[in-house]
Amino acid sequence: MENLSSQAKRSISGGVFGMFVDTFDVYLPALVLPAAMTYFLPPSMSPATSVTVSTLLFCVSLLGRPIGGLVFGNLSDRVGRKRVTLVSAGGFTACTLLISVLPGYSSWGIAVVVVFALLRLVNGVFLGGGYAAPIPLAFEHSPRHLRGLVGGLIAAAAPAAFLVISLIQVLALRQLPKADFLSWGWRLPFFLGVLLGIGYFVHYLRVGEGNESYWAARRAERRQPVRELFTRGNAKALLQVFLLTSGYWFAAQMAVSLLPSLLTGELHQSATNVALLTLVGSVFTIFSVIGFAVLGQRIGRRKVLLGVGVAITVVTALTFALMVHFAEARTGFLAVAVMGIIANALTSGPLGALITYLNERFPLSVRSTGYSVGYTFGLILPGLYSVWLLGLGHLMPYAYGPVVLIVLGGVLMTFAVRSGPETKEIDSLTTDARVAERELQA
């Protein structure tokens, strides 16, 4: 990347930083709260209910992101990427700060869970803006031959955030008495999230918008990109992207988001061991993400995503089921960890190829709107996974319910990829919409 301009380097590094901050902020409850839920909930609550509340506190943020994706994506395509990024960064940083100073159940009772959920919902709206602007901006500054690598580096920031959260939690759980961890130790990752948000804001103050004349003309037109998104050509791409991301997130929420709560709460594994699993799994996933993204640049992103969809349907489902079996049979945590790491790395691996593909599916005039709406609206049904799991719990053991959703996700993902085009040959992401459409159809 040595031949890139300084603005291109700042935009790409901003995309990487943005994905890191977003993932750090979104997944804090999924990774930290399982070990600290007794601070927010009455001690008489059952383990299954505690897991459900923990996952709901995580899920409400996912449900807020489609709202943010729609609002901020439309703004980003109207007024420019940089302005939207700065508003988004300020909003989610403030929400994280408020969460980090919340009192516990002993002070506010069950009301603290309600306030926590509301803050996470608002936080999710602002985080939706984090998808809408900085990631498309990074790809628009990337030459065609580097887009796969850029997508891999951006996506690899997600497991890197998991690694940092897990490392902080492992150190806190090992070094702090349980009472101290429940009182203030769980707050440490949230305080770090606030500092990261401030750094993210400052970084984007120095990032250029790109084609200033283009954005000046867009602002003068007063057009609504969200309306353009639902025209015939764009609407077809949006439907395919929605099915693709819905499938991906059904599988990813099980193998990534739910896994710590399930192992800690329902399967009674040590919180420290689970944090170590997440930490080691994040290292494997970083290499997996970059590897899949680079492979997609060589053989095509469609081929990679199609192969991964099939693998998720079979391999991820099998390894997740084995992980649950080993945990219930008390086989030993090593066997549990190996299965969990495989399921995690395989499911998270295609993220770099996926976000590159999604940005290439939409022309410049509606890219932020299409990418953010497709990406975040695909989170809605998977984001309600705690509801689906409770329903499946009436038909089968609760711990095996995620296997059904993983298979569903793999099937949806495979179908969606088969119905869409290859995109890696699009020459420039800043070309006129009609040129990009012709390149997609070639």
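Couple of notes before you dig in:
- Scanning the stretch 1-51 for residues that are among the aliphatic types (A, V, I, L, M), modelled with pLDDT of 80 or more and either open to solvent by 30 Å² or more (accessible area, probe 1.4 Å) or at positive phi (or both) gives a single hit, V16.
- When residues of the stretch 95-111 are limited to those that are part of a helix (DSSP H, G or I) and without any contact (Cβ under 8 Å) to a residue 60 or more places away in the chain, the one least open to solvent (accessible area, probe 1.4 Å): C95
- Candidates R65, R83, filtered to the one that is in contact with a Gly (Cβ under 6 Å, 6 or more places away or on another chain), closer than 30 Å to I135 by Cα, in a helix (DSSP H, G or I) and not hydrophobic (A, V, I, L, M, F, W, C): R65
- Counted residues, the stretch 83-94 - those being in contact (Cβ under 8 Å) with a residue 60 or more places away in the chain and crowded, with 22+ Cβ neighbours inside 10 Å: 5
- Elements of type helices (runs of 4 or more DSSP H) contained in the stretch 144-258, each with 2 or more residues being at pLDDT 85 or above and within 27 Å of G383 (Cβ to Cβ): 147-175, 187-204, 232-252
- Screening F72 on (1) surrounded by 24 or more Cβ atoms within 10 Å (Cβ to Cβ); (2) more than 30 Å from L149 (Cβ to Cβ) shows it passes everything except condition (2).
- Selection status of T347, over 19 Å from V324 (Cβ atoms) and surrounded by 24 or more Cβ atoms within 10 Å (Cβ to Cβ): no
- The set of residues in the stretch 28-47 that are in contact with a helix residue (DSSP H, G or I) (Cβ under 8 Å, 6 or more places away or on another chain) and in a loop (DSSP other than H, G, I, E, B) comprises A36, L41, P42, M45.
- Tallying residues that are closer than 12 Å to H268 by Cα and open to solvent by less than 20 Å² (accessible area, probe 1.4 Å) within the stretch 322-335 yields 2.
- Number of the condition not met by Y400 [criteria: (1) without any contact (Cβ under 8 Å) to a residue 40 or more places away in the chain; (2) over 16 Å from S246 (Cβ atoms); (3) open to solvent by 10 Å² or more (accessible area, probe 1.4 Å)]: (1)
The values are calculated or read from the model by the stated rules, or taken from the named source; none is laboratory data. Values in this document were obtained by computation on a predicted structure and should not be read as measured data. Using ideal geometry, Cβ is built from the backbone for each residue, glycine included, and neighbour counts are taken over all protein chains shown. Keep in mind that these areas ignore ligands, DNA and RNA; they rest on the heavy atoms of the full protein, side chains included. Shrake-Rupley method; radii C 1.70, N 1.55, O 1.52, S 1.80 Å.
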